[in-house]
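Okay, structure first, notes after.
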Amino acid sequence: MTLVPNMAPPTNGTVRRRNTIVVLMIACAVAVVLSVSTGSVPIAPNRVLSVIAEHILPWSVSTAATDVETRIIWEFRLPRALLGLIVGASLAVAGAVLQSVVRNPLADPFVFGISSGASVAAVAMLTLGIGVLTTVTVPIAAFGGALAATLTVFLLAQRRGRVTPGRLILAGVAMSYLLSSVTSYLVLRASAPGQGVSQVLSWLSGSLAAADWDDLGIPALVLGVATLVLVLLSRILNALLIGDETAASLGVDVGHFRLVMFIITSLLVGVVVAVSGAIGFVGLVVPHAVRMFVGSDHRWVLPISALAGGLLLVVVDIAARLIIAPSELPVGLLTAAIGAPFFLWMLKRSSRGEA
Amino acid sequence: MSTQGGMEAAALYVDKITVEIAGRTIVEEISLSAERNVVGLIGPNGSGKSTVLRAIYRMLRPASGRVLAADRDVWKSRPREAARVTAAVVQDGPSDLELTVAECVATGRIAHGPLFGSSVQPEDTLAIERAMMRAGVNDLANRDMSSLSGGERQRVQLARALAQEPRILVLDEPTNHLDIRHQLELMTLVRTLGVTTLVTLHDLNLAAAYCDRLVILSKGQVVASGTPGETLTPDLLLKVFGIRAQSITNPLTGRMQLAYGHETELKS
Ligand SMILES: Nc1ncnc2c1ncn2[C@@H]1O[C@H](COP(=O)(O)OP(=O)(O)OP(=O)(O)O)[C@@H](O)[C@H]1O
Ligand SMILES: [Mg+2]
């Protein structure tokens, strides 16, 4: 059908975007293997691969690795690398969604106060001894905290039933500050008896070090389901980029849709903060870079951001273990070191363009 | 009636709507109707034109009154159902995050097909291509929206609305940013669509030349409605717009036109 010969069906773009996905998947796999071989005891990548093969292939494969290496790989490093993928992907997807929902490229789960809300809830559970600490209850609490923070920010930023991006960002930053101070208070309060403090401290700066297999299930499930739902709703996310008025005329109940998006991003952010703490700026940097490369269509931005976010966090986590080896930096410290200047650069650019 | 491009006109009735924002009445008891014709909504800045349109495309819920599109109460329908009948070209603020032209036009298909559906159906592709061709933006398909001129952007928004295959079209100052030739082309295009159209215009001559009927708003109320000849009288123009005007016949088109000037520069 050649009604419009010039319309150039987006084959070019589609091929490039598909290739990007394939390249990123390969890069993620390579990064995971490198991440597993990195550490105080370096393990050769071929041994890493054989241990992984031994565990996941139905037929038995003889391993070149020793028992100790096998334990290190399977029980500590692989869950850590996979958690990096999941956390990075979740934060990047959440960032991409937030940015289009508030129509501002500066929105990020961390900047927005969502991560802080999740942290407060998780830290409160740990230090105040509320409820039973499990891999299910802590993420639920963190989700609750994230959602409460998001909705508060949303309500503060809303005037006469409408939300402006500028107000939303201001409210989000104020909320981050407030909640961070509550978190600090809770930690200081608990630090005398010493219970749970080291865990809490690793949370505060954001770290993947405590990962084990049990931590992966819920975040992986949430990431998979949320990304699928979001990709299926990508046309509506695209419409929001044009504006609320146009989106309303296209049959989108803008207020309602925005609320659903806040719930989904809170869920994504809450469950990963429960495991790894508040790792900032991945949700800011990754979607931005992805959009520069493949455009703003959410059908592509979301899956590509997920892969790129996972890749970035795994790579940064490798760096976090190498920079001051044999000790390691919290990965959140490094993402902030990369992300904060980037944020300032974007802020400068956006205020230069149009207010 | 004309069914060009699968579009068929439907009637629009606005029945005594009152819209309030933060307790302030913005427009009061507005009634108007349009059926298979082009109706112009005109009035000075701040008279409530955009507000009336917002109540039609489900952006602002009226405090009282009804909006009927194709005999269905817009505010009692589901948003997607309403959007299958009515499309709008509106004034949205600029965005830092920009789609390409083709992606923007494709959002016109949201109300068609399943809610959860990111794949593009053949009928969607057809509607998108046809809409882009009609609005004359097919050459721009792969351009970023942010790289377009104001007038090109406006035409892309029209293409987006046409991709919706609406039976009623609502246009808020669609000729904004367009050069004269494109203004005339756009209004001619609107007339040939055969879709019921409600359009706000600031250019009274454009309104006189291309609208079948005009509804004149002043301070949130309808002060006149009828054909351009009936409504654009010197008295009314003086009262509502504060200008002295006289209708003349355009020697080129033979249509009615207004000659006007500011009081300070009148000859007599
Ligand atoms: N969100 C809002 N909050 C407060 N007042 C508003 C809001 N939107 C519109 N108004 C007021 O309602 C009145 C009508 O506005 P509207 O935009 O409908 O006018 P208009 O006829 O479209 O004007 P223009 O020709 O300038 O586009 C104006 O006085 C405006 O200040
Ligand atoms: Mg207006």
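The values are calculated or read from the model by the stated rules, or taken from the named source; none is laboratory data. All values derive from a computational prediction rather than experimental measurement. In this analysis, Cβ positions are derived from the backbone assuming ideal geometry, glycine residues included, and neighbour counts consider all displayed protein chains. Surface areas here come from the heavy atoms of the whole protein model, side chains and all, with no ligands, DNA or RNA. Shrake-Rupley method; radii C 1.70, N 1.55, O 1.52, S 1.80 Å.
Listed conditions (1) facing another protein chain (nearest Cβ under 8 Å); (2) surrounded by fewer than 16 Cβ atoms within 10 Å (Cβ to Cβ); (3) within 25 Å of B:Arg78 (Cβ to Cβ) are all met by B:Cys104, apart from (2). Selection over region B:224-255 of residues that are open to solvent by 40 Å² or more (accessible area, probe 1.4 Å) and without any contact (Cβ under 8 Å) to a residue 40 or more places away in the chain gives a count of 16.
The residues of region B:113-123 that are within 10 Å of another protein chain (Cβ to nearest Cβ) and not polar (S, T, N, Q), listed by number, are B:Gly113, B:Pro114, B:Leu115, B:Phe116, B:Gly117, B:Val120, B:Pro122.
For region B:43-57, the set of residues classified as near ligand 1 (Cβ under 6 Å from one of its atoms) and not hydroxyl-bearing (Ser, Thr, Tyr) consists of B:Gly43, B:Asn45, B:Gly46, B:Gly48, B:Lys49, listed by residue number.
A quick yes/no check of all residues on (1) of a type in the set (A, V, I, L, M); (2) within 16 Å of A:Leu85 (Cα to Cα):
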{"position": "A:Gly277", "(1), (2)": "no, yes"}
{"position": "A:Phe281", "(1), (2)": "no, yes"}
{"position": "A:Ile304", "(1), (2)": "yes, yes"}
{"position": "A:Leu307", "(1), (2)": "yes, yes"}
{"position": "A:Leu313", "(1), (2)": "yes, yes"}
{"position": "A:Ala320", "(1), (2)": "yes, yes"}
{"position": "A:Glu328", "(1), (2)": "no, no"}
{"position": "A:Thr335", "(1), (2)": "no, yes"}
{"position": "A:Ile338", "(1), (2)": "yes, no"}
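When each of B:Arg24, B:Arg36, B:Arg61 is tested for being more than 14 Å from chain A (Cβ to nearest Cβ) and of a type outside the set (Gly, Ala, Ser), the lone residue that passes is B:Arg36.
One residue stands out in region B:18-37 among those that are within 16 Å of ligand 2 (Cβ to nearest atom) and open to solvent by less than 10 Å² (accessible area, probe 1.4 Å): the one that is nearest to B:Leu232 (Cα to Cα), namely B:Ile30. Whether any residue in region B:146-154 is at pLDDT below 90 and under 16 Å from B:Arg84 (Cβ atoms) is what I want to check. Within region B:146-154, not a single residue is at pLDDT below 90 and under 16 Å from B:Arg84 (Cβ atoms). With respect to the conditions (1) modelled with pLDDT of 90 or more; (2) not in a helix (DSSP H, G or I), A:Ala211 falls short on a single one, namely (1). In the set B:Val170, B:Val137, B:Val156, only one residue is within 16 Å of ligand 1 (Cβ to nearest atom) and open to solvent by less than 60 Å² (accessible area, probe 1.4 Å); that residue is B:Val170. The helices (runs of 4 or more DSSP H) falling completely within region A:236-349 that include 1 or more residues that are more than 14 Å from every other protein chain (Cβ to nearest Cβ) map to A:254-276, A:282-294, A:298-322.
Is it true that B:Lys267 is out of contact with any Ser or Thr (no Cβ under 6 Å at 6 or more places or on another chain), part of a loop (DSSP other than H, G, I, E, B) and open to solvent by 20 Å² or more (accessible area, probe 1.4 Å)? The answer is yes for B:Lys267. Say whether the condition of being small (Gly, Ala, Ser) and touching a Gly at 6+ places or on another chain (Cβ under 8 Å) is met by at least one residue in region A:284-291. Checking region A:284-291: not a single residue is small (Gly, Ala, Ser) and touching a Gly at 6+ places or on another chain (Cβ under 8 Å).
Count of region A:79-105 residues, restricted to those that are within 14 Å of chain B (Cβ to nearest Cβ) and open to solvent by less than 10 Å² (accessible area, probe 1.4 Å), is 8. None of A:Leu230, A:Leu216 is open to solvent by less than 20 Å² (accessible area, probe 1.4 Å), within 14 Å of chain B (Cβ to nearest Cβ), touching a residue at least 40 places away in the same chain (Cβ under 8 Å) and of a type outside the set (Lys, Arg) except A:Leu230. One residue stands out among those in region B:49-62 that are surrounded by 23 or more Cβ atoms within 10 Å (Cβ to Cβ) and near ligand 2 (Cβ under 10 Å from one of its atoms): the one that is nearest to the chain's Cα centre (by Cα), which is B:Leu53. Yes or no: region A:57-76 includes at least one residue that is more than 27 Å from A:Ala239 (Cα to Cα) and of a type in the set (Lys, Arg). Yes. Exactly one residue out of B:Arg78, B:Arg66 is more than 15 Å from the chain's Cα centre (by Cα), more than 14 Å from chain A (Cβ to nearest Cβ) and away from ligand 1 (no atom under 11 Å from the Cβ): that is B:Arg66. Filtered by the rule that a residue be within 12 Å of ligand 2 (Cβ to nearest atom) and buried (at least 21 other Cβ atoms within 10 Å of the Cβ), region B:38-48 gives B:Leu41, B:Ile42, B:Gly43, B:Ser47, B:Gly48.
Here B:Thr197 clears all of (1) within 16 Å of ligand 2 (Cβ to nearest atom); (2) open to solvent by less than 30 Å² (accessible area, probe 1.4 Å) except the condition numbered (1).
Of all residues in region B:140-153, exactly one satisfies the criterion of being more than 17 Å from B:Thr107 (Cα to Cα), open to solvent by 40 Å² or more (accessible area, probe 1.4 Å) and touching a residue at least 24 places away in the same chain (Cβ under 8 Å), namely B:Ser149.
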